[in-house]
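Below is one structure, written out as structure tokens, with a few remarks after it.
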Amino acid sequence: MENIKQALERLLGDALCKASGIEDVRANIISSSRPEFGDYQANGVMSVAKQLRRNPRDLAAETVACFQGDPRIAEITVAGPGFINIVLSDAYLARAATQALRVGDLIAATEQPLRIVVDYSGPNLAKEMHVGHLRGTIIGDCIARVLSALGHIVIRQNHVGDWGTQFGMLIAYMDSLQSEPQTATMELADLELFYRNAKARFDSDTGFAELARQYVVRLQQGDADCLRAWQHFIEHSLKHCEAIYDKLGVTLTSDDLRAESYYNNDLPLIIEELNAQGMLSVSDGARCVFLEEFKGKEGAPLPAIVQKSDGGFLYATTDLAALRFRGRTLNAERILYVVDARQSLHFQQVFAIARKAGFVPLDCRLEHIAYGTMMGKDGKPFKTRSGDTVKLQELLDEAVRRALNIVTEKNPELSQEARDRISNTVGISAVKYSDLSKNRTSDYVFDWDTMLSMEGNTAPYMLYAYARIRSILRKQAETGLACNLGEILPGGVEERALMVKLQQYTETLHVVAVDCMPSHLCTYLYELAGTFMRFYEACPVLKAEPTVRASRLSLVALTAEVLESGLTLLGLRTLESM
RNA sequence: GGGGGUAUAGCUCAGCUGGAUAGAGCAACGGCCUUCUAAGCCGUGGGUCUCAGGUUCGAAUCCUGAUACUCCCGCCA
């Protein structure tokens, strides 16, 4: 269904076409930059006027004259050098809010549902998840939730790293501990330690290193003992991931797993197909694909290596196999790779090769949803003092601990159980929000205080707004007085502002679905919460006279629904009280 | 050497793709709890949008150049 922004774009676009005599011009509608300019403004007239060398104010006036009128619009005026300012009618806003509350469909589904593969999280199972895995996991999860809510068919793919040389080393090490099972179990409990110990042994003990290499070969040849050991290790490591997903509230399940090893048998076929199409070249013994659009130094062609000189395959090969699977078997129409921005060249190459080789249909959209690198406070790539990464588990524990301190300070009367429950939600939400609210594409500075801050533009602010709302509705229920929810009436400025904001929820989600920027949803929800807070300060609900009370209660109920929906799409849990 | 990215308030970041007086939060200062949760609300101060040019009615946004930081560039993922 068309939202108001789309409707304005269409109506004023038509008017602008008539006034200018040009087909296909955009009215360029945005929500107004300042409240005195109305609710929406059209910025498109001026660029068209420029094109036609016409006076922009005259063209704006003509556009308004050509505008056929619409009951949803109360006022439409030309302003400044050629802006068109639009004020929505109070009656329409109240009616739209009433309708949304009554029917409960806050989100207008897309008119063109697509099969969309979202590849995200993809941790390396050789190690424990660290803070660097946070972004991809929660951004991907948010995007998947939003696309799904808009009616797309979303296929989540967790492309975990479970294959390659390091696994030979790890299972060789695990076997070497077989004689002391207790040590093995203990070390496996701390994957990071296990990896470090294995690596140390690998680096210092040449005999062990040789053994590890043999394990890799045996593993790839399908040796049953090796596979069993590998399976054991993978299952163990996956439990770590699942514990994190569970704690984070990420929707990924074991059904979404499609590990690197899944494509193992496809890898030789990829080489064959590329070869059959004449796309392969051999350079220094390695099999490469050279594409014209990628140039290295002095215009020299830039290779993408798909098979090493020793016959081994590389991650480009695996990614090609995954693309082929997604294109041909999953029948994806859009494929999103939520992966670190540093891999952008890699994906450009892989996408180009896959297209040329016909692994994916021509009209399949391939997008690298790149996110920025995590930096230290010094502006250099992030490392702790000891040179390690911060485990994701540690970050989440610290977040919950800090939240508990705050909860205890603010609400000492609450039971231990209640404080634990609240601090768990507040702490985890704060971590997720502080990441989601930043521009996905920029690098970001990892800092405990920023990451775990709970004031201002943070998840706790929005959870607090939500809890206040629930509290009003609870109090109303406690009075035992009947109050018919449903009819929302035009009200004062704060109520009006809230209604305007509420009906912008759908248009926000459509933007997020296109650009895959969860930060836009964060900004919207933050503004919605702020708008509600101002309404809350200015407009008594329960103490208002009956007609106004019923209307305000309905508005409050609708705000609760939108906030709850939006926070859920961000992947945050809500609280009834805090 | 080639290519990509970033540079906005003391700090962390927005800025809807060229629009109106560049916005938030934190930090600082001041005001608001006998009224639905003060994790809140209102107000004050804080800016050469890295620098230098250019394009035009109009630039933080586009183009050119410079500087700083960062990432990637044939057998790791």
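The values are calculated or read from the model by the stated rules, or taken from the named source; none is laboratory data. Computed from a predicted structure; not experimentally measured. Cβ placement follows ideal geometry from the backbone for every residue including glycine, while neighbour counts extend to all protein chains displayed. Areas reflect the complete protein model, heavy atoms only, side chains present, ligands, DNA and RNA absent. Shrake-Rupley method; radii C 1.70, N 1.55, O 1.52, S 1.80 Å.
Before moving on, here are some points about what is shown:
- Residue count for the range A:421-471 satisfying the condition of being at pLDDT below 95, polar (S, T, N, Q) and part of a helix (DSSP H, G or I): 2.
- Tally, over the range A:58-91, of residues that are open to solvent by 80 Å² or more (accessible area, probe 1.4 Å) and free of Cβ contacts under 8 Å to residues at least 40 places away in the same chain: 3
Residue-wise test of (1) open to solvent by less than 80 Å² (accessible area, probe 1.4 Å); (2) hydrophobic (A, V, I, L, M, F, W, C).
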{"residue": "A:GLN182", "(1), (2)": "no, no"}
{"residue": "A:LEU191", "(1), (2)": "yes, yes"}
{"residue": "A:ALA200", "(1), (2)": "yes, yes"}
{"residue": "A:SER204", "(1), (2)": "no, no"}
{"residue": "A:GLY207", "(1), (2)": "yes, no"}
{"residue": "A:GLN221", "(1), (2)": "no, no"}
{"residue": "A:TRP230", "(1), (2)": "yes, yes"}
{"residue": "A:LYS239", "(1), (2)": "no, no"}
{"residue": "A:LYS247", "(1), (2)": "yes, no"}
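- Every pair of residues 6+ apart whose Cβ atoms lie under 7 Å, when the first sits in the range A:526-540 and is of a type in the set (Val, Ile, Thr) while the second is crowded, with 16+ Cβ neighbours inside 10 Å: A:THR531/A:ALA497; A:THR531/A:LEU498; A:THR531/A:LYS501
- Residue count, the range A:107-122 (criterion: more than 30 Å from A:PHE325 (Cα to Cα) and open to solvent by less than 30 Å² (accessible area, probe 1.4 Å)): 1
- Test: residue in the range A:249-268 that is open to solvent by less than 60 Å² (accessible area, probe 1.4 Å), β-branched (Val, Ile, Thr), in contact (Cβ under 8 Å) with a residue 40 or more places away in the chain and within 30 Å of A:ASN424 (Cα to Cα): yes
- Positions within the range A:123-167 being open to solvent by less than 30 Å² (accessible area, probe 1.4 Å), within 16 Å of RNA strand B (Cβ to nearest atom) and outside any helix (DSSP H, G or I), in sequence order: A:PRO123, A:LEU125, A:ALA126, A:GLU128, A:MET129, A:GLN157, A:ASN158, A:HIS159, A:VAL160, A:GLY161, A:ASP162, A:GLY164
- Taking the criterion of being more than 9 Å from RNA strand B (Cβ to nearest atom), of a type in the set (A, V, I, L, M) and farther than 18 Å from A:TYR371 by Cα, the residues of the range A:415-458 that qualify are A:ALA418, A:ILE428, A:LEU452.
- Filtering the range A:176-186 for residues that are over 30 Å from A:PHE202 (Cβ atoms) and in contact with a Leu (Cβ under 9 Å, 6 or more places away or on another chain) leaves an empty set.
- Under the condition of being near RNA strand B (Cβ under 9 Å from one of its atoms), open to solvent by 40 Å² or more (accessible area, probe 1.4 Å) and not aliphatic (A, V, I, L, M), the residues counted in the range A:306-346 number 8.
- Of the helices (runs of 4 or more DSSP H) lying entirely inside the range A:490-578, those containing at least 3 residues that are near RNA strand B (Cβ under 8 Å from one of its atoms) and open to solvent by 40 Å² or more (accessible area, probe 1.4 Å) are A:518-538.
- Residues being of a type in the set (S, T, N, Q) and either assigned to a strand (DSSP E or B) or within 16 Å of RNA strand B (Cβ to nearest atom) (or both) - total across the range A:58-97: 3
- The residue that is farthest from RNA strand B (Cβ to nearest atom), among those in the range A:22-57 that are at positive phi and without any contact (Cβ under 8 Å) to a residue 24 or more places away in the chain, is A:ASP24.
- For the range A:281-295, a residue qualifies if it is within 8 Å of RNA strand B (Cβ to nearest atom), within 29 Å of A:VAL217 (Cα to Cα) and either open to solvent by less than 30 Å² (accessible area, probe 1.4 Å) or in a strand (DSSP E or B) (or both), and the qualifying residues are A:SER283, A:ALA286, A:CYS288.
- The set of residues in the range A:412-469 that are open to solvent by 60 Å² or more (accessible area, probe 1.4 Å) and under 19 Å from the mean Cα position of the chain (by Cα) comprises A:LYS438, A:ASN439, A:THR441, A:ASP443, A:VAL445, A:ASN457.
- The range A:2-43: number of residues that are open to solvent by less than 10 Å² (accessible area, probe 1.4 Å) and assigned to a loop (DSSP other than H, G, I, E, B): 1
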